[in-house]
1. Which of the residues that make up region 117-148 are more than 30 Å from Glu228 (Cβ to Cβ) and either surrounded by 23 or more Cβ atoms within 10 Å (Cβ to Cβ) or in contact with a helix residue (DSSP H, G or I) (Cβ under 7 Å, 6 or more places away or on another chain) (or both)?
2. Which residue out of Ala144, Ala120 is over 19 Å from the mean Cα position of the chain (by Cα) and part of a strand (DSSP E or B)?
3. Within region 238-253, count every residue that is more than 16 Å from the chain's Cα centre (by Cα) and farther than 23 Å from Asp102 by Cβ.
4. Would you say Leu158 is of a type in the set (A, V, I, L, M, F, W, C) and either surrounded by fewer than 15 Cβ atoms within 10 Å (Cβ to Cβ) or in contact with a helix residue (DSSP H, G or I) (Cβ under 7 Å, 6 or more places away or on another chain) (or both)?
5. Got at least one residue in region 184-202 being buried (at least 17 other Cβ atoms within 10 Å of the Cβ), within 19 Å of the chain's Cα centre (by Cα) and in a helix (DSSP H, G or I)?
6. Exactly one condition in (1) within 15 Å of Gly303 (Cβ to Cβ); (2) touching a residue at least 40 places away in the same chain (Cβ under 8 Å) is false for Leu233; which is it?
7. If a residue must be surrounded by fewer than 18 Cβ atoms within 10 Å (Cβ to Cβ), within 22 Å of Met234 (Cα to Cα) and in contact with a strand residue (DSSP E or B) (Cβ under 8 Å, 6 or more places away or on another chain), how many such residues does region 93-116 contain?
8. I'd like the residue in region 151-181 that is in contact with a Leu (Cβ under 7 Å, 6 or more places away or on another chain) and in a loop (DSSP other than H, G, I, E, B) and, out of all such residues, is nearest to Arg116 (Cα to Cα).
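The values are calculated or read from the model by the stated rules, or taken from the named source; none is laboratory data. Predicted, not measured: the structure shown is a model, and the values here were computed from it. We place every Cβ from the backbone using ideal geometry, glycine too, and count neighbours over all the protein chains shown.
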Amino acid sequence: MRQEIIIGSRGSKLALTQTNWVKAQLERLNPRHKFSVEIIHTRGDKITDVALFRIGGKGLFTKELEVALLEGKIDLAVHSLKDLPTELPPNLALGAIPEREDPHDLLIGEGLQGLRQLPAGARVGTSSLRRRAQIMAMRPDIEAVDLRGNLDTRLKKLKTLGLNAIIVARAGVNRLGVSQDSAHAIPYEDMLPAVAQGALALEIRRGDKAIEAVVSPLDHVPTHQAVEAERALMLELQGGCQVPIGAIAHVKESTLTLEAVICSLDGRRAIRDSGSGPVTRAGEIGIELAQRLLRSGGREILGEIRQMTPSLPE
């Protein structure tokens, strides 16, 4: 292992905040090693004026980091785990998943009390199909407006686009230390988050025992178990950012509970279910819940969405 350990990161303010937090933890745990950060720009970073679901393809925010990792230009990559495809390249692995930040979605807007209290015909900024579909399932009168960019850009567009509110991940707001005076966490009964939302992933080369030993102490077992269930569900459903799928898992002592939803693009149909079991069966719980969702009407919804968005996997 080289004397200096290079950590790959996207260049956004949030990505660097997350990566520098990881770097500080690794320096604390490994005082004999030197760590540095290498910024790598991804395709998703370069296309900022188009909704993600319109771009298509897997790994919009991760592929270039994975290439650098495989080529040995960096020693590990820090990702928002929700951006990482459920199937990793065969020569890469997750070295650690630190403790998760709050996974809730956040409604930001002046004088608001929550999604259900928005005025009739309200305009809400989000480019997430998952958020759009769940909004429309509850409030079909609300207009969802495309919204891309970093948090500062989205907050500015709240005013410049004449929006009543925007929806963002609470984890990013918390990590950036942004004031939340006009923000309200959306309860899970109204909106389930993206798979692995709020969790970070430290991706390494498979079989790199030296780097694995450096990063593994950052792994938070309950978080790892929860996102294992969520990602197993997503893999079984063959979903991605183009599909309105939400899920959240909770670990309490030795029991894991997983809840998930599949929505049609217009929000008129929503298949929601939950499952639980011992944490040792995290992946199986995810697969079993996915299969129930498919049998309950999810297969038809996903089939229709794939016809409308041909880039989705079969």
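1. Of everything in region 117-148, those that are more than 30 Å from Glu228 (Cβ to Cβ) and either surrounded by 23 or more Cβ atoms within 10 Å (Cβ to Cβ) or in contact with a helix residue (DSSP H, G or I) (Cβ under 7 Å, 6 or more places away or on another chain) (or both) turn out to be Val124, Gly125, Arg139, Ile142, Ala144, Leu147.
2. Details: Ala120 fails: part of a strand (DSSP E or B).
When all the criteria are applied, what remains is Ala144.
3. 0
4. Values: of a type in the set (A, V, I, L, M, F, W, C): yes; either surrounded by fewer than 15 Cβ atoms within 10 Å (Cβ to Cβ) or in contact with a helix residue (DSSP H, G or I) (Cβ under 7 Å, 6 or more places away or on another chain) (or both): no.
Taking the combined requirement at face value, the residue does not satisfy it.
5. no
6. If we test Leu233 against (1) within 15 Å of Gly303 (Cβ to Cβ); (2) touching a residue at least 40 places away in the same chain (Cβ under 8 Å), just (1) comes out false.
7. To start, the set of residues in region 93-116 that are surrounded by fewer than 18 Cβ atoms within 10 Å (Cβ to Cβ) comprises 93, 99, 102, 110-114, 116.
Adding the requirement that they be within 22 Å of Met234 (Cα to Cα) leaves 93, 99, 102.
This time we only want the ones that are in contact with a strand residue (DSSP E or B) (Cβ under 8 Å, 6 or more places away or on another chain), so: 93, 102.
Matching residues across region 93-116 total 2.
8. That would be Asn164.
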